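One structure follows; several queries about it will come next.
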Protein chains: 2
Amino acid sequence: MLLKAMMQPIKELLLFLLLAIFTKATGMRPPHSRSASDSQQSISFCLSWRLAVEANNVRAWRTVPTQCLRYIETYMIGGQYDRDVELIVEQILSYVNEIVVSDDGMDAWILDVDDTCISNVFYYRGKRYGCDPYDPSGFKAWALKGGCPSIPAMLVLFNKLVEGGFKIILVTGRDEATFGEVTRENLRNQGFSGYEKLIMRSESDRGKSAVAYKSGIRKQLMEEGYRIWGNVGDQWSDLQGEYVGNRTFKIPNPMYFVP
Amino acid sequence: MLLKAMMQPIKELLLFLLLAIFTKATGMRPPHSRSASDSQQSISFCLSWRLAVEANNVRAWRTVPTQCLRYIETYMIGGQYDRDVELIVEQILSYVNEIVVSDDGMDAWILDVDDTCISNVFYYRGKRYGCDPYDPSGFKAWALKGGCPSIPAMLVLFNKLVEGGFKIILVTGRDEATFGEVTRENLRNQGFSGYEKLIMRSESDRGKSAVAYKSGIRKQLMEEGYRIWGNVGDQWSDLQGEYVGNRTFKIPNPMYFVP
């Protein structure tokens, strides 16, 4: 499955190139050339779409464009997503190296949980990588298994921040009553230990938008005296609103949008 | 030149594919395989870098990584940049269609000028697409020619906004005393006419950061009663700070960073 997905764009490109050579050599339009050229156009469109999502130009989108299913699959599991996260983590670490950590224990980083520390990509594989609409009960069943794998580069970052003397505050939109225990266990079984606290939605947070909920949490942290050096999330709603932190970092997520 | 740049990645991919087939068929590592695999790695890195720039994860960068010279050239003049801008303009227009324009003439859009309305890509070609550091006197000489071409999709947007009854306020970091006349002429000769005003740096704005200067301008516009529905720029410093507008849109620019 994974290998097949990785080979697919290479196959498409090979087809495209052979057709290009054929056309150039013969000056003819080869039979069925439309499908290869369509495929090339589709890759180009999906790259534009993904860029626009990451730059926050496309907002409130409900599903991935169907024509981008294979493109997003290849992106997520073919290596480019991992490299994108690695480059961001390098940027974060070079910023971290400039910070002088105080000994009052109030130097903090805020990290989101889903698709920032731990990954839902295997769940979204069953949802056509976001081409299918959001399915709350399906996601609940998945999250209750506690089997989200770590995002490797983010685990490296997490550990370096802990070693560097920062207090890591995990802030998630997950509901405490439903997901409290399993989320703590999932983080633990993936190696995320040594964080200051995990903040989840309480009953009074239900129905709040992510921006309002997370801004409120950050405001409270600032009032407690924390200095928020950085804030890392896969959704723009993690990084916008108030008290966003001294620097924000957007981890890619072309599979879903949280308003 | 242009065709050569467009063919380069196809050539590289063809080489890569032939080597992949050779290796697979023979089980051998072909001679010189490193260069093709290096090239593939380099494309992957440059894509990560460009994404991170557009998502505002990489900041205050001085030059484009040298290994990305050819990649950025292909991106800028090979078609993908144009398609990226077109997709953003589609997003802007679908947002614009939801706005009910009032008849008081105070519904405004803010557009940046350089590499938002008109392009400096031909200047940057001579600066290795940003691999060379910023050259103020070189850029001054270029801008004084008044020969920046329009960015086609942005000209379409501009005209639709004017037709739709919006007041377009162009806000640029260019200096009024030096570039006032030539900038007006360049905009005119590229078809940008019917805007409300062009705001440029006055003597008192010199030395201000782009964020401080542009925030100050927007504050004043709000005080004059304008409703800033949207704000479009190629730099995050166009879109951050205060009174940023109801929606912001980031046009790609992997060639330079304005702090």
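Sort B:188, A:125 from largest to smallest accessible area, using a 1.4 Å probe on the heavy atoms of the protein chains.
Working: B:188 140, A:125 95 Å².
Greatest to least solvent exposure: B:188, A:125.
Moving on. If B:106, B:200 are ordered by their accessible area, calculated over protein heavy atoms with a 1.4 Å probe, which sequence runs from highest to lowest? Let's see the in-between values first.
Values: B:106 40, B:200 15 Å².
Result of the area sort, largest leading: B:106, B:200.
Oh, and also: Using alpha carbons only, how many angstrom separate the centre of the stretch B:166-207 from the centre of the stretch A:191-244?
One Cα centre to the other: 41 Å.
Which distances in nm, rounded to one decimal and ordered from shortest, link the label point of residue B:223 to the equivalent label points in the other identical copies, with labels set 7 Å from Cα toward Cβ?
Nearest first, the other copies' label points are 3.2 nm away.
Once phi is turned into θ = phi - 60°, what whole-Hz ³J(HN,Hα) does the Karplus curve with 6.51, -1.76 and 1.60 give for every residue of the stretch B:178-190, x standing for Gly and Pro?
With coefficients 6.51, -1.76 and 1.60, one gets 7, 10, x, 5, 5, 5, 4, 5, 5, 4, 5, 5, 9 Hz.
Give me the three principal axis extents of the protein assembly as shown from the C-alpha atoms, as integers in angstrom, largest value leading.
Principal-axis extents of the Cα atoms in the protein assembly as shown, largest first: 66, 65, 44 Å.
Same structure, new question: To the nearest 10 degrees, how steep is helix A:152-163 against the longest Cα principal axis of chain A, on a 0 to 90 scale?
Tilt of helix A:152-163: around 20 degrees.
Further question: Between chains A and B, what is the buried accessible area in Å², counting both sides, with a 1.4 Å probe and ligands, DNA and RNA left out, to the nearest 100? Walk me through the intermediate numbers first.
Working: alone 13370 and 13370 Å², together 23840 Å².
By this definition, chains A and B bury close to 2900 Å².
Quick one: Debye curve from the alpha-carbon atoms of the stretch A:98-250 only, equal weights, vacuum; give me log10 I(q)/I(0) at q = 0.10, 0.13 Å⁻¹ to two decimals.
Debye output, listed in q order: -0.34, -0.59.
Take the Cα pairs of the stretch A:211-259, get the Kirkwood Rh, then feed it into Stokes-Einstein at 25 °C and 0.890 mPa s and tell me D in µm²/s. Could you put the intermediate results ahead of the total?
Values: Rh = 11.1 Å.
Rounded, D is 220 µm²/s.
How much of the accessible area of the stretch B:58-152, probe 1.4 Å, is carbon plus sulfur, in whole percent?
51
If you don't mind, there's one more thing I want to ask. Of the cross-linked pairs A:160/A:219; A:197/B:208; B:127/B:160, which ones have a Cα-Cα span greater than 32 Å in the structure shown? Provide the component values of the computation, followed by the final result.
Working: A:160/A:219 25 Å; A:197/B:208 40 Å; B:127/B:160 34 Å.
Where the Cα-Cα span goes over 32 Å, the pairs concerned are A:197/B:208; B:127/B:160.
Go ahead and run the numbers for FRET between residue A:98 and residue B:103, Cβ-Cβ distance against an R0 of 41 Å, rounding to 0.05. Display every interim value, and only then the final one.
Details: r = 52 Å, r/R0 = 1.27.
Efficiency for this residue pair is about 0.20.
Go through the cysteines of chain A and tell me which have no other cysteine Cβ under 4.7 Å away.
Lone cysteines by the Cβ rule: A:117, A:131, A:148.
If you don't mind, another one. How big is chain B in terms of Cα radius of gyration and Dmax, in angstroms?
20.9, 74
Express in nm, to one decimal, how much length is gained between residue A:37 and residue A:163 on full extension, taking 0.36 nm for each residue of separation and deducting their alpha carbon distance. All intermediate terms of the calculation are to be shown ahead of the outcome.
Numbers: separation 126, 0.36 × 126 = 45.36 nm, distance 5.06 nm.
Extending this stretch completely gives an extra 40.3 nm.
Quick one: dipole size for chain A, taken about the Cα centre, charges +1 on Lys/Arg Cβ and -1 on Asp/Glu Cβ, in debye to the nearest 20.
Details: 30 positive and 30 negative charges, 241 e Å.
Charge dipole of chain A: 1160 debye, to the nearest 20.
Can you tell me what share of the DSSP beta bridges in the protein assembly as shown is antiparallel? A percent to the nearest 5 is fine.
Working: 2 of 38 bridges.
So the antiparallel bridges in the protein assembly as shown amount to around 5 percent.
If you don't mind, another one. How large is the accessible surface per residue of the stretch A:98-250, computed with a 1.4 Å probe and reported in Å² as a whole number?
Values: 6590 Å² over 153 residues.
For the stretch A:98-250, the per-residue accessible area is 43 Å².
The values are calculated or read from the model by the stated rules, or taken from the named source; none is laboratory data. Just so it is clear, the model here is predicted, and its values are computed rather than measured. Counting neighbours? That spans all protein chains shown, and the Cβs are built from the backbone with ideal geometry, glycine included. Accessible surface is based on the protein model in full, side chains and every heavy atom, while ligands, DNA and RNA are left aside. Shrake-Rupley method; radii C 1.70, N 1.55, O 1.52, S 1.80 Å.
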